[in-house]
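The values are calculated or read from the model by the stated rules, or taken from the named source; none is laboratory data. As the structure is a computational prediction, the values presented were derived from the model and not from experiment. Cβ placement follows ideal geometry from the backbone for every residue including glycine, while neighbour counts extend to all protein chains displayed. In case anyone asks, the SASA skips ligands and DNA or RNA and just uses the protein heavy atoms, side chains included. Shrake-Rupley method; radii C 1.70, N 1.55, O 1.52, S 1.80 Å.
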Amino acid sequence: MSSSESNSADIAPVIQRISDTLGDVDQRLDQIDRSDYAFDVSLIIPVFNERQTLPDVLARIDEVMPESTETIIVDDASTDGTSVWLASLPERPNRKIVRRVRNHGKGSAVRLGIRHSRGRVVAIQDADSEYDPKDLLTVIEPVLRGDAEVVYGSRYLEDIEDPSLLHRLGNWALTVTSNCMTGQSLTDMETCHKAFRGDLVRSIAIRECRFGFEPEITSKVAARGVQISEVPTGYNYRSYDEGKKITWRDGLAAFACMWRYRNPGWCGRAIGCFTGRSQSRDSDTPPSTLNQ
């Protein structure tokens, strides 16, 4: 055996021990990081008059969500028996029910839920039957793995059943305008299924009380320099007769929110939208923190 081969043989065990030690350090650091959170996932469910659908949604959550998931139900002053039904549920260490005596709107309910959250990831699930909690898993997973800080579940990355042309056009207009204001490249800004790194979303001050929450949180995440990822999610459209609550007035309010929370470089991006040239947020322009 040559001297070089002998040296290689002597060094190999040392390299292996160093590699094993570094692996142990990474594992311990990961355990320390995980220990800072009571749960892997905090699932926020804003509720207003969903007595007929909420039981099925909660049962589905128990069926498909990871074991280390806390469910935070914010009852926004329901009047259809939802509050009474929630009061009858047995207490569970991974379920928190917050009740309000006055209705404030979805954005306010989500904001309250975020304040109570203790998870490494914070996600949102509606209490109606339009979104299956199982589809939320694909939204949460990239954030849990550390591959993304924010993920939206887009209804338009795959074919969905949405018989309302007005709804689709309205959502398209809102999303395109949001992209111009924020520099994101989303296909579905208004989606319910959203997942955030917990520390990030808990550090963002949310002001909007109704459906303006969607454009506001999108703008403020973009202002932090975070790129929002998208994955497909399912969608089961329900009509106003079936309990749909968002109206054209909320759409107009959303446009106002986009203007209020616009990010630097919005004018150039808007021109790019009309001229067919895609412009992302200028990397040399520092993210705005004025509206946070």
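Screening the candidates ARG281, ARG277 for the property of being at pLDDT below 65 and closer than 13 Å to SER178 by Cβ yields one hit, ARG281.
Residues of the range 88-114 that are without any contact (Cβ under 8 Å) to a residue 12 or more places away in the chain and more than 27 Å from LYS134 (Cβ to Cβ): none at all.
Restricting attention to the range 87-101, does a residue exist that is at pLDDT below 95, in contact with a Phe, Trp or Tyr (Cβ under 9 Å, 6 or more places away or on another chain) and part of a loop (DSSP other than H, G, I, E, B)? Checking the range 87-101: not a single residue is at pLDDT below 95, in contact with a Phe, Trp or Tyr (Cβ under 9 Å, 6 or more places away or on another chain) and part of a loop (DSSP other than H, G, I, E, B). Looking at THR138, THR175, just one residue is of a type in the set (Ser, Thr, Tyr), free of Cβ contacts under 8 Å to residues at least 24 places away in the same chain, in a helix (DSSP H, G or I) and surrounded by 14 or more Cβ atoms within 10 Å (Cβ to Cβ), and that residue is THR175. Within the range 146-168, identify whether any single residue is over 20 Å from GLN125 (Cβ atoms), free of Cβ contacts under 8 Å to residues at least 60 places away in the same chain and crowded, with 16+ Cβ neighbours inside 10 Å, and answer yes or no. There is no residue in the range 146-168 that is over 20 Å from GLN125 (Cβ atoms), free of Cβ contacts under 8 Å to residues at least 60 places away in the same chain and crowded, with 16+ Cβ neighbours inside 10 Å. Each residue in the range 50-81 was checked for being of a type in the set (Gly, Ala, Ser) and under 19 Å from VAL121 (Cβ atoms), and 1 of them qualify.
Among the candidates GLY153, GLY198, GLY183, GLY170, single out the residue that is small (Gly, Ala, Ser), out of contact with any Cys (no Cβ under 9 Å at 6 or more places or on another chain) and over 22 Å from TRP266 (Cβ atoms).
Numbers: GLY153 fails: out of contact with any Cys (no Cβ under 9 Å at 6 or more places or on another chain); GLY183 fails: over 22 Å from TRP266 (Cβ atoms); GLY170 fails: over 22 Å from TRP266 (Cβ atoms).
Among GLY153, GLY198, GLY183, GLY170, only GLY198 is small (Gly, Ala, Ser), out of contact with any Cys (no Cβ under 9 Å at 6 or more places or on another chain) and over 22 Å from TRP266 (Cβ atoms).
Do we have ALA205 as assigned to a loop (DSSP other than H, G, I, E, B) and at pLDDT 90 or above here?
Values: assigned to a loop (DSSP other than H, G, I, E, B): yes; at pLDDT 90 or above: yes.
The answer is yes for ALA205.
The set of residues from the range 58-70 being modelled with pLDDT of 95 or more, open to solvent by 10 Å² or more (accessible area, probe 1.4 Å) and closer than 13 Å to PRO133 by Cβ comprises LEU58, ALA59, ARG60, ASP62, GLU63, VAL64, MET65. Here is a check on your reading of the model: is SER239 farther than 26 Å from ASP132 by Cα, surrounded by fewer than 22 Cβ atoms within 10 Å (Cβ to Cβ), small (Gly, Ala, Ser) and modelled with pLDDT under 85? Answer is no for this residue. Considering the range 73-83, and only residues there that are over 21 Å from HIS193 (Cβ atoms) and out of contact with any Ser or Thr (no Cβ under 9 Å at 6 or more places or on another chain), the residue that is surrounded by the most Cβ atoms within 10 Å (Cβ to Cβ) turns out to be THR82. When every residue of the range 145-165 is checked against the conditions, at least one turns out to be assigned to a helix (DSSP H, G or I) and within 22 Å of THR187 (Cα to Cα).
For the range 115-133, the set of residues classified as assigned to a helix (DSSP H, G or I) and open to solvent by 10 Å² or more (accessible area, probe 1.4 Å) consists of ARG115, HIS116, listed by residue number.
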